[in-house]
Amino acid sequence: MCEGCSHEAMNNNEGIDLHLMDPIIEKYGEAKGSLINMLQDTQDLYGYLPQSAMAYLADKTSNKKATIYGVATFYTQFRLNPIGKYLVLQCQGTACHVNGSKEVSQAICNHLGIQPGETTEDLLFTVEDVACLGCCSLAPVIMINGEAYGNLDTKKAVNIIKELQKKEAEVGNNEN
């Protein structure tokens, strides 16, 4: 059996309310070819695809667990782990690459203590390298939660992250 597809892993309830998925399942029913749509809506609901949610889909539809897991792991749009509050997309396209995106990426990752594809322990930042953000005139560019930051160098990029960290620290201090 595939890694992560064990009966125990696929049926482990991560403390989420699986019944929130019922409207998604009702919306698509048993429509052929609706699995990707159901997975997209499920990811929108939880921020990622919990193992228990995939098992629930298998139980409530005619899709097999292995099929669901196969689709979820095949397409890069799907995440099997929670992401941070801030999703940092680092463009590695040609324009960004020739203008220093690797150095910018490395500076961000060094500052956060993670590698692309990872999330900080405090669940604030997830960093992902992407092929292109379509902002070539701003190269090198990163996008954080849909907002583009361009014409970066390592110092500017790290300062953006530091500002977000400062903002979060202030919010945390105000809550205590």
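The values are calculated or read from the model by the stated rules, or taken from the named source; none is laboratory data. The shown structure was predicted, so the numbers you read here are calculated from the model rather than taken from an experiment. A quick note on method: Cβ atoms are made from the backbone with ideal geometry, for glycine too, and the neighbour counts reach across all protein chains shown.
Miscellaneous remarks
- In the set (1) crowded, with 18+ Cβ neighbours inside 10 Å; (2) of a type outside the set (A, V, I, L, M, F, W, C); (3) in contact with a Pro (Cβ under 9 Å, 6 or more places away or on another chain), the condition left unmet by P140 is number (3).
- Members of the range 127-142 found to be hydrophobic (A, V, I, L, M, F, W, C) and within 19 Å of V98 (Cβ to Cβ), listed by number: V130, A131, C132, L133, C135, C136, L138, A139, V141, I142
- Qualifying residue in the range 165-172 (condition: at pLDDT 95 or above, within 25 Å of Q77 (Cβ to Cβ) and outside the structural domain of G47 (by TED's automatic domain parsing)): no
Let's see how each residue does on (1) loosely packed, with under 14 Cβ neighbours inside 10 Å; (2) without any contact (Cβ under 8 Å) to a residue 12 or more places away in the chain; (3) assigned by TED's automatic domain parsing to the domain that holds A139; (4) in contact with a helix residue (DSSP H, G or I) (Cβ under 7 Å, 6 or more places away or on another chain):
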residue: K60; (1), (2), (3), (4): no, no, no, yes
residue: K64; (1), (2), (3), (4): yes, yes, no, yes
residue: N81; (1), (2), (3), (4): yes, no, no, no
residue: A95; (1), (2), (3), (4): no, no, yes, yes
residue: N99; (1), (2), (3), (4): no, no, yes, no
residue: G113; (1), (2), (3), (4): yes, yes, yes, no
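- Listed by first and then second residue, the pairs linking a residue in the range 37-49 that is under 11 Å from L80 (Cβ atoms) to a residue that is outside any helix (DSSP H, G or I) and modelled with pLDDT of 95 or more, with Cβ atoms under 6 Å apart and 6 or more places separating them unless they lie on different chains, are Q43/L49.
- Of all the numbered requirements in (1) over 17 Å from the mean Cα position of the chain (by Cα); (2) surrounded by 18 or more Cβ atoms within 10 Å (Cβ to Cβ); (3) in a loop (DSSP other than H, G, I, E, B), L49 misses one, and that requirement is (1).
- Complete set of residues in the range 130-164 that are under 13 Å from A107 (Cα atoms) and either of a type in the set (D, E) or not assigned by TED's automatic domain parsing to the domain that holds T94 (or both): D153
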